[in-house]
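All remarks here apply to the structure that follows.
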Amino acid sequence: MEPGELFPGMRSMRRSNREEQVWQDTFKLFEADTPRALRSHIPALPTSQLDAPLQHAGPGELERMDTLRRSLSRWKRYHIKVHLADEDLMMPLTVRPRDTVMDLRALLVREGVTSWKKTFYYNSRQLEEHETLKEANIQNGSVLLLVSNKR
């Protein structure tokens, strides 16, 4: 039995440094990525209630925190630009990490730009049609190049 342990085998009430960092990062993500209108409808919990899940946490707590972080990413938005090489124009777009190249094409059509016979490039690499922005490693502020196919 460890010093300060109440019952043999019971986990300490104190979080490890890694757990504390994951906990803080998750709430920073929530604050940064959750729309203000949605945040106003979520009741504030006292600190003791926020700490309660980790006090009796099992070995899978870090995995659960990662799952929470991934579920919060649905509100994440990237502000990217698409450089239309033929028109020499930069088109700003607001997208989500899980959007595909096909979704980008649909957004451009809504803006009045036909892109069906054009190819997207990012970092000198051609993007596949069903590739998500996250898989292509596209971040906030990235610039995509849209070039006509040479046929």
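The values are calculated or read from the model by the stated rules, or taken from the named source; none is laboratory data. Predicted model only: the values in this text are computed from it and were never measured. For neighbour counting, all protein chains shown are included, and Cβ atoms are generated from backbone atoms with ideal geometry for every residue, glycine included.
To keep it simple, each residue is scored yes or no on (1) within 26 Å of Ser71 (Cβ to Cβ); (2) more than 20 Å from the chain's Cα centre (by Cα); (3) aliphatic (A, V, I, L, M).
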{"residue": "Ala106", "(1), (2), (3)": "yes, yes, yes"}
{"residue": "Glu129", "(1), (2), (3)": "no, yes, no"}
{"residue": "Thr132", "(1), (2), (3)": "yes, no, no"}
{"residue": "Gln139", "(1), (2), (3)": "yes, no, no"}
{"residue": "Val147", "(1), (2), (3)": "no, yes, yes"}
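Applying the condition of being in a loop (DSSP other than H, G, I, E, B) and touching a strand residue (DSSP E or B) at 6+ places or on another chain (Cβ under 6 Å) to the stretch 139-148 and asking which residue is surrounded by the fewest Cβ atoms within 10 Å (Cβ to Cβ) yields Asn140.
For the stretch 71-84, indicate whether the set of residues that are at pLDDT below 85, in contact with a helix residue (DSSP H, G or I) (Cβ under 6 Å, 6 or more places away or on another chain) and either surrounded by fewer than 16 Cβ atoms within 10 Å (Cβ to Cβ) or not in a helix (DSSP H, G or I) (or both) is non-empty. Checking the stretch 71-84: at least one residue is at pLDDT below 85, in contact with a helix residue (DSSP H, G or I) (Cβ under 6 Å, 6 or more places away or on another chain) and either surrounded by fewer than 16 Cβ atoms within 10 Å (Cβ to Cβ) or not in a helix (DSSP H, G or I) (or both). When the stretch 114-127 is limited to residues that are surrounded by 17 or more Cβ atoms within 10 Å (Cβ to Cβ) and at pLDDT 90 or above, the one that is farthest from the chain's Cα centre (by Cα) turns out to be Lys118. Is there a residue being hydrophobic (A, V, I, L, M, F, W, C), closer than 30 Å to Asp25 by Cβ and touching a Gly at 6+ places or on another chain (Cβ under 8 Å) anywhere in the stretch 98-121? No, the stretch 98-121 has no match at all.
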